[in-house]
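S.K.: One structure, as structure tokens, below. Some questions next.
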Amino acid sequence: MSSPKPASNPTSPKETASPVSNSAEITTFPEDEAPLEVADPITLDDTIGDGSSDYGSSIGSDTTSLASSVLNYTYENGRRYHAFREGKYFMPNDETEQDRLDMTHHLWCVRLNGELHLAPLPTNPQRVLDLGTGTGIWAIDFADMYPSAEVTGVDLSPIQPRWVPPNVKFEVDDLEDEWLWEPNSFDYIHSRAMVGSIRNWTKYMEQAYNALRPGGYIEFQETDLNLFSDDDTDKKALAATEYITNVRNAGNILPTRFDVAPELSTLVQAAGFEEITERKIKQPLGTWAKGKKMKEMGSWTLVIMESGLEAYGLKIFTKVLGWEKERFMGFLEEVKADIRNKDYHMYSYSHVVYARKPIDVE
């Protein structure tokens, strides 16, 4: 893990900033690399918030039916996993994981200042595709925000609510298969937290490009696998470093990419998209960073990561790397001690990349 070089003052994703277009025609923002300030220890707040945030809701009025075969879940090490294409996805889909996914949705809303997307969409998008919809919370919130849109959420697991808005539907499918949607079908395609789920990102990008109508937008929201610090304290987090190294090694065995987030913009460019914009959002791990928003992001990140460490690692360490469950669970406590340590001023990057399909293509 390395420490990025300091840059100028930070800005939030939808605030005014100074874009720099490089030779690859990818717009980036140097302000996104600004170092985080460490708060006075006296002011540190370990609470998760006052419950006043109102990002998102999941009230609806319609039902969705699914074949019973995909509901025959499998169980392993006390966790529940999807039945459709069994073993394809390494994360559980039980209630604990669903809670984590919904908290992650809230965290993304905090990161984006309450927005569901950064792509400059029209006021009345028509057809929208949510890839890896999970609990369906983003699709439902988007459908509520844009009543004109017909939103389709796709996932391997049928864990979405039965009652949804009338302009939302969910499908169970493997996004690494050939897509069956007609070319040029969607105004907007949203992909979030798919790192580790996609083995062939080039094909994934190409299929999304084909499904998007000319002039439509695509948006990827992913978090980098690595942890960083501006004062080199990340180098003291030896267990956390070992965890990340093992996950990356497991990805090489599977094979799948857990570290693709920093490369999203170049993958989008290679697929043929234009007007590519990338935002990098620093999110502290814990409440050590200065500022109300940073503390809120840090609190949620810590809670989500503590739950996610087991969800991500259990199958990877036991099935792929051959660890005994007891060894992994003991190691997990060491990792948690690292990420809870307020003297380690660690953070990660969340990458938001959005781009447009050229208008002058068939």
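S.K.: Quick one: check the C-alpha center-to-center distance for segment 123-188 versus segment 274-313, whole angstrom.
M.R.: Between the Cα centres of segment 123-188 and segment 274-313 lies a distance of 25 Å.
S.K.: For segment 226-296, what is the convex hull (Cα atoms) projected area averaged across all directions, in square nanometres?
M.R.: Values: hull surface 27.6 nm².
That works out to 6.9 nm², a quarter of the Cα hull's surface.
S.K.: If r is the Cβ-Cβ distance from residue 210 to residue 324 and R0 is 41 Å, what FRET efficiency results, to the nearest 0.05?
M.R.: Details: r = 45 Å, r/R0 = 1.09.
E between residue 210 and residue 324, to the nearest 0.05, is 0.35.
S.K.: Using the Karplus equation 6.51 cos²θ - 1.76 cosθ + 1.60 (θ = phi - 60°), what ³J(HN,Hα) coupling, rounded to whole Hz, does each residue of segment 168-183 give in order, writing x for Gly and Pro?
M.R.: 10, 9, 10, 10, 9, 7, 9, 6, 8, 6, 5, 6, 9, 5, 5, x
S.K.: Keeping the other protein chains in place, figure out the carbon and sulfur percent of the accessible area of segment 73-357, with a 1.4 Å probe. Let's see the in-between values first.
M.R.: Details: 5340 of 10680 Å².
Carbon and sulfur together cover 50 percent of it.
S.K.: Also, I was wondering about something else. So how strong a dipole does segment 73-357 carry about its Cα centre when Lys and Arg Cβ are +1 and Asp and Glu Cβ are -1, to the nearest 20 debye? Write out the running numbers ahead of the final one.
M.R.: Working: 33 positive and 44 negative charges, 83 e Å.
So the dipole magnitude of segment 73-357 works out to roughly 400 debye.
S.K.: Would you mind giving the three semi-axes, in whole Å and largest first, of the ellipsoid equivalent to segment 196-253 according to its Cα gyration tensor?
M.R.: 34, 16, 6
S.K.: Determine the sum of side-chain charges near residue 250: Lys and Arg each +1, Asp and Glu each -1, restricted to other residues whose C-beta is under 12 angstrom from that of residue 250. Kindly include the intermediate steps, with their values, before the conclusion.
M.R.: Details: positive: 248, 257, 315, 319; negative: 259.
Neighbourhood net charge equals +3.
The values are calculated or read from the model by the stated rules, or taken from the named source; none is laboratory data. Since the model is a prediction, treat every value here as computed from it, not as a measurement. A quick note on method: Cβ atoms are made from the backbone with ideal geometry, for glycine too, and the neighbour counts reach across all protein chains shown. Keep in mind that these areas ignore ligands, DNA and RNA; they rest on the heavy atoms of the full protein, side chains included. Shrake-Rupley method; radii C 1.70, N 1.55, O 1.52, S 1.80 Å.
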